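Peer 1: Sharing a structure with you now.
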Amino acid sequence: MRTAHYVASTHWDREWYEPFQGYRMRLVSLLDEVIETIERDPGYKTFTTDGQAIPLTDYLEVRPERRELVKRLLIEGRLKSGPWYVLPDEWLCSGESLVRNIQIGMQTTRELGGVPSRAGIVVDQFGHNSQMAQIFSLFNFPVAFAWRGTHEKEHHGHFNWIAADGTKLPTYRFGKVGYCSYCAAVREPNNQDVQLEVNDATIQRLVDFVLHEAGRSPVGPILLFDGGDHLEIEPKQSQLIDAANKVLAKNGIKIIHSDLDAYMHDLQADVGKIQKKIEGELRESARDLSPHDEHWLIPGTLSSRIHLKQRNAACEDELCIWAEPFSTFASPLGLEYPKGYLNIAWKHLIENHPHDSICGCSIDQVHQDMIYRFDQSLAISQRLTNQALKHITMLAAPRQREEGALVLAVFNATSDEVNQPVDLEVPLPTTWPKKFQEFFGFEEKFAFKIKGPDGTEIPYQLVGQKRDKLTFRRSRRKFPTGDQRHVISVTAQLKVPAFGYTTLTVEPADGPTRYLGNMSPAHNAIENDNLRVDVNPNGTIKLTDKKTGHTFDQLLTFEDRADIGDGWYHGQAVNDQIFNSTSSAAEVALIANGINKATLRIITTMNVPKDFHRRTMTRCETLWPMKIVSDVTLRKGSDHIEVTTTIDNQVLDHRLRVLLPTNLKGDTYVCDSQYDVVERDIALRADNAIRKELDVETRPQVTWTSFGDGKVGLAVVSRGLPESAVRDNEERAIALTLFRSFRRAVLTTDNMGGEIQGKQTFRYDIVPFKGEAPRKRLFTLGQRVNMPVRQIDLLPQDLPATVAKESLPRTHSFFHVEGDVVVTALQQADGATEVRFFNPMATAQKVTLPAKEARAVMLDDQTDKSIEVKSANNSAVAHVPSKKIVTLRLK
């Protein structure tokens, strides 16, 4: 007898075409009915909360009196929760966010009294990244459940999903309508006027569906997943199952009311029979118009409401790069590890990660609500970062120094040393005693010297100053008082060790204090020992790599075209006009030039259509001057240029990209992904003309995209700009999407929030290279692009008079990693230091870390037996295979 597992669920988008509170009222009604049905009908065995835990926490916030009842039903297995906290998008959330999401979801279920599900459910995500199968396996999930990004004709039933490191995970592929297949075939959800009755027609629909699923899933048990979008349960389901079983008996099939974990348990006996496999990313667009498959990939969400992506990246980096590592370093030094605050910050952040939220494809109110959650997460994590950095600074600040001197501590949160000119803000008290003026006293300047940790004077470049900036200071048990400063912007050459800091003193000096130099050999050029940048008349730049002798020209070309789409898709208009800045007017200003850096401000004005006319389906004839301001910075000794592009967007219905032509030859390019580096074809699919859903050139990245010919290459590095491409023409330009403006949203007409009006700012680096793309270097730049260093300043009165000597060195590294791996997490866990990293290289890497004892753990805290760690002489050594994600607990 073959078993068909009927799984009652609902696909619960927490917010989408209604805001969260509207959906929650429906959720409370739905779960009320679920609980009442479970209590009343013994045949209604169990209900699954869509693979997430948050529906139950949202429910109990309204129904707190039902907490014990929910706990009992979880213990009995009548309710199944998790493993996710929320069902996230896989491209727009970092790998760490995906891991923390599952960890928080499983912990939430345990706190509610249940055993979390171990089903690797990704029912509605818009494609799947190359490491999701490895992540699930590291949680000991035995099976994944997927749909989008695959095709029913080839991948129906089951396949083995092969992760980038070679991990093999049995995967169930949902059918014609994905996770809605059961309800569409059996429950008639689109027939608004008919309620389901257990009659011959309904029984036959169920029988037909079971037999169909038996045919498309010839291996092991049959899955009947009843989880349509926001659908309430069918209270008569147990009667319908009983009636259908009488018919199905002759086919040797029996339906049981079950859950995904029971289905996976039954499947284990037959996983060896699964022959089909897919390697890496699941990103195939919908293939044809046949009735066999109604899946859509929906790739346009990568650039929808770009400010959400930027805010999300800022929150993720603040937690993973700054707050957690430095709270870990400060903990043995007397500062309590803020586990509770970190959990709250993570929850606020992850509650923005459901795919209809972070993807930017919902109504305006949904995305307005997201800003509050981002703000709460960032407010907590920034405060934790500053608390840890200040605690460390107080212990490292020199007690013996010039009278009135300030202390500046500069911190590096990456695994590589910072050895470059660094931008600093020197906040001088308004009572600063030493000043000087040039010529006949046109502008007052402040005289000071900066000294390094060994007391050596460090030359600095004066970049700017802002007088009389008001903040406040507050001591414990005291009211706040105003603190007015003159903030002096300087750039100084510093060495800051990996995962560490260096301390500087700022001392009054007899003026003038000047350190003069020049990095601008011409009015339109800047140059260091490695690179030269020349600005062309149209505002594009010519970048020459002195090490290779190669020149990349026409970089920073801007492309503007119509967008008639929505949050799901970039809509391409038939009557489009694609504007490029090739012949635009441009102004150039040299706004910084000295011993350590030079910055050119390029103001490009593109005259583009003001909006799109829906009646004629053409771009407006009225042209609007769109001013694009790009600050291009080159630092002394640097191997890349830094670009900050600012636009006051007053134009509607368009997409803006920055183009970086390479004029190199090649058919593939390389970019990063969650815990991975992937190689993608430049050309679109050969059958694109006949596909139901167009394959598009834009693809996901996390921080960088590169293209080269094996001799030289070019990369763009950013954070919070997750859509890039390499164009399939002779220029082979890397295209980085800055934003899309659109007004459409699901089930509404106008949602003007999608138009992204007002000031928008974008940071990215342009990196020429020799040979193959320098993967580790690009990852490091990606972690630094928005915040390379942090600083803490202390006035003399900030330091306790009772402490005569510092207890930390003037410069120090708390942690170091040897080996070409990328560190993604460093935190406290179970009384130990936990570090997570992955190997982005094509070959295995030897990794050495400081530790007396070390062991590899899975993501569910079990020992990872696949990684052998040897400890000796206060060092831990592990050999890490290509693309492997490793978590170590260190003591």
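The values are calculated or read from the model by the stated rules, or taken from the named source; none is laboratory data. Bear in mind that the values here come from a model prediction, so they are computed numbers and not experimental data. Virtual Cβ from ideal backbone geometry, glycine too; neighbours counted across all protein chains shown. Side chains included, ligands, DNA and RNA excluded: accessible areas come from the protein's heavy atoms. Shrake-Rupley method; radii C 1.70, N 1.55, O 1.52, S 1.80 Å.
Peer 1: Name the shape class, rounded, prolate or oblate, that the alpha-carbon gyration tensor gives for segment 1-100, where a ≥ b ≥ c are the square roots of its eigenvalues, rounded holds for a/c under 1.5, and otherwise prolate holds if a/b is larger than b/c and oblate otherwise.
Peer 2: Here segment 1-100 falls in the oblate category.
Peer 1: Helix-only mean residue ellipticity at 222 nm, the chain, DSSP H runs n ≥ 4 weighted -39,500 (n - 2.57), per residue, nearest 500. What is it? It would help to have the intermediate numbers written out before the result.
Peer 2: Details: 15 runs with 183 residues, N = 891.
Value at 222 nm, helices only, nearest 500: -6500 deg cm²/dmol.
Peer 1: Could I have the simple spin-label model distance between Asp242 and Ala573, label points 7 Å from Cα toward Cβ, reported in nm to one decimal?
Peer 2: So the two model labels end up 6.1 nm from each other.
Peer 1: Using a/c under 1.5 as the rounded threshold, could you call segment 386-484 rounded, prolate or oblate? The axes a ≥ b ≥ c are square roots of the C-alpha gyration tensor eigenvalues, and prolate needs a/b larger than b/c, oblate otherwise. It would help to have the intermediate numbers written out before the result.
Peer 2: On the way: a/c = 1.75, a/b = 1.14, b/c = 1.54.
Cα axes put segment 386-484 in the oblate bin.
Peer 1: Please identify every one of the trypsin sites (Lys or Arg not before Pro) in segment 580-678 that sits in a loop by DSSP and has no more than 12 other beta carbons within 10 Å of its own beta carbon.
Peer 2: Those that pass, being in a loop and sparsely packed, are Arg614, Arg615, Lys665.
Peer 1: Mind checking which lysines have their Cα closer than 24 Å to the Cα of Lys250? Skip sequence neighbours fewer than 8 apart in that chain.
Peer 2: By straight Cα distance, Lys250 reaches Lys236.
Peer 1: Need the C-alpha centroid separation for segment 572-638 versus segment 532-566, integer Å.
Peer 2: 11
Peer 1: Whole-Hz ³J(HN,Hα) for each residue in segment 325-338, computed from phi via Karplus 6.51 cos²θ - 1.76 cosθ + 1.60 with θ = phi - 60°, x for glycine and proline: what do you get?
Peer 2: x, 6, 5, 5, 5, 7, 4, x, 9, x, 9, 4, 6, x
Peer 1: Need one number: % antiparallel among DSSP beta bridges in the chain, to the nearest 5.
Peer 2: On the way: 175 of 199 bridges.
Counting DSSP beta bridges with both partners in the chain, the antiparallel share is about 90 percent.
Peer 1: Using only Cα atoms, find the angle between the long axis of helix 237-248 and the longest principal axis of the chain, and express it within 0 to 90 degrees, rounded to the nearest 10.
Peer 2: It is inclined by approximately 60 degrees.
Peer 1: Report the accessible area of Met752, computed with a 1.4 Å probe over the heavy atoms of all protein chains in place, in Å² rounded to the nearest 10.
Peer 2: Probe radius 1.4 Å; accessible area of Met752 about 90 Å².
Peer 1: Any chance you could give the angle, 0 to 90 degrees and rounded to 10, that helix 306-317 forms with the longest Cα principal axis of the chain?
Peer 2: Tilt relative to the chain: about 80 degrees.
Peer 1: Label point 7 Å out from Leu694 along Cα-to-Cβ: which residues of segment 639-672 have amide N under 20 Å?
Peer 2: Of the residues in segment 639-672, 652-659 have backbone N under 20 Å from the label point off Leu694.
Peer 1: Fully extended, how many nm does the chain gain between Glu76 and Asp454 (0.36 nm per residue separation, minus their Cα-Cα distance)?
Peer 2: Gain in length upon complete extension: 129.6 nm.
Peer 1: Could I ask something else about it? Check which residues have an amide H placed less than 5 Å from Asn649's amide H, if you skip close sequence neighbours.
Peer 2: Gly758, Lys759, Gln760
Peer 1: How much length is gained if the chain between Arg67 and Thr668 is pulled fully straight, taking 0.36 nm per residue apart and subtracting their Cα-Cα distance, in nm to one decimal?
Peer 2: Length difference between fully extended and current span is 211.0 nm.
Peer 1: Let me ask something else about it. So, for the chain, what is the accessible surface per residue at a probe of 1.4 Å, expressed in square angstrom?
Peer 2: Roughly 39 Å² per residue, with all protein chains present.
Peer 1: Kindly identify segment 650-792 as rounded, prolate or oblate by the Cα gyration tensor criterion: order the square roots of the eigenvalues as a ≥ b ≥ c, call it rounded if a/c is under 1.5, otherwise compare a/b with b/c, prolate if a/b is larger, else oblate.
Peer 2: It comes out oblate by the Cα gyration axes.
Peer 1: Around Arg2, which amide H atoms from residues at least 5 apart in sequence, or from another chain, sit under 5 Å from its own amide H, with H modelled in the peptide plane?
Peer 2: Ile253, Lys254
Peer 1: Sequence-distant or interchain residues sharing an amide H contact under 5 Å with Ser875, placed H: which?
Peer 2: Under 5 Å from the amide H of Ser875 lie the amide H atoms of Ala851, each far enough along the sequence or on another chain.
Peer 1: Continuing with the same structure: Provide the packing ranking of 97-107, 325-335, 297-307, i.e. peptides ordered by the mean count of other C-beta atoms within 10 Å per residue, highest first.
Peer 2: 297-307, 97-107, 325-335
Peer 1: Within 10 Å, count the other beta carbons around each residue, average over each peptide in 57-67, 191-201, and list them highest first.
Peer 2: 57-67, 191-201
Peer 1: Please compute the length gained on full extension between Thr761 and Ile344, using 0.36 nm multiplied by the number of residues separating them and subtracting their Cα-Cα distance.
Peer 2: Answer, rounded to one decimal: 147.3 nm.
Peer 1: What FRET efficiency do you get for Thr618 and Asp41 if R0 is 56 Å and r is their Cβ-Cβ distance, rounded to the nearest 0.05?
Peer 2: That gives a FRET efficiency of 0.40.
Peer 1: What accessible area, in Å² to the nearest ten, does a 1.4 Å probe give for Trp161?
Peer 2: Around 0 Å² of this residue is reachable by solvent.
Peer 1: Further question: On a 0 to 90 degree scale, rounded to 10, what angle separates helix 67-76 from the longest Cα axis of the chain?
Peer 2: 60
Peer 1: Mind ordering 508-514, 405-411 by average Cβ neighbours within 10 Å, highest first?
Peer 2: Ranked by mean Cβ neighbours within 10 Å, highest first: 405-411, 508-514.
Peer 1: Please compare each pair in Lys495/Lys852; Lys435/Lys495; Lys665/Lys770; Lys153/Lys176; Lys390/Lys445; Lys176/Lys309 to a cut-off of 21 Å on the Cα-Cα distance and tell me which ones are over it.
Peer 2: Numbers: Lys495/Lys852 28 Å; Lys435/Lys495 28 Å; Lys665/Lys770 15 Å; Lys153/Lys176 10 Å; Lys390/Lys445 28 Å; Lys176/Lys309 31 Å.
Distance filter (> 21 Å) returns Lys495/Lys852; Lys435/Lys495; Lys390/Lys445; Lys176/Lys309.
Peer 1: OK, next. Ignoring ligands, DNA and RNA, what percent of the accessible area of the chain is carbon or sulfur (1.4 Å)? Spell out each step's value before the answer.
Peer 2: Values: 17310 of 34920 Å².
Answer for the chain: carbon and sulfur cover 50 percent of the accessible area.
Peer 1: Could you tell me the calculated FRET efficiency between Lys250 and Val177, based on Cβ-Cβ distance and R0 = 30 angstrom, to the nearest 0.05?
Peer 2: E(calc), rounded to 0.05, equals 0.60.
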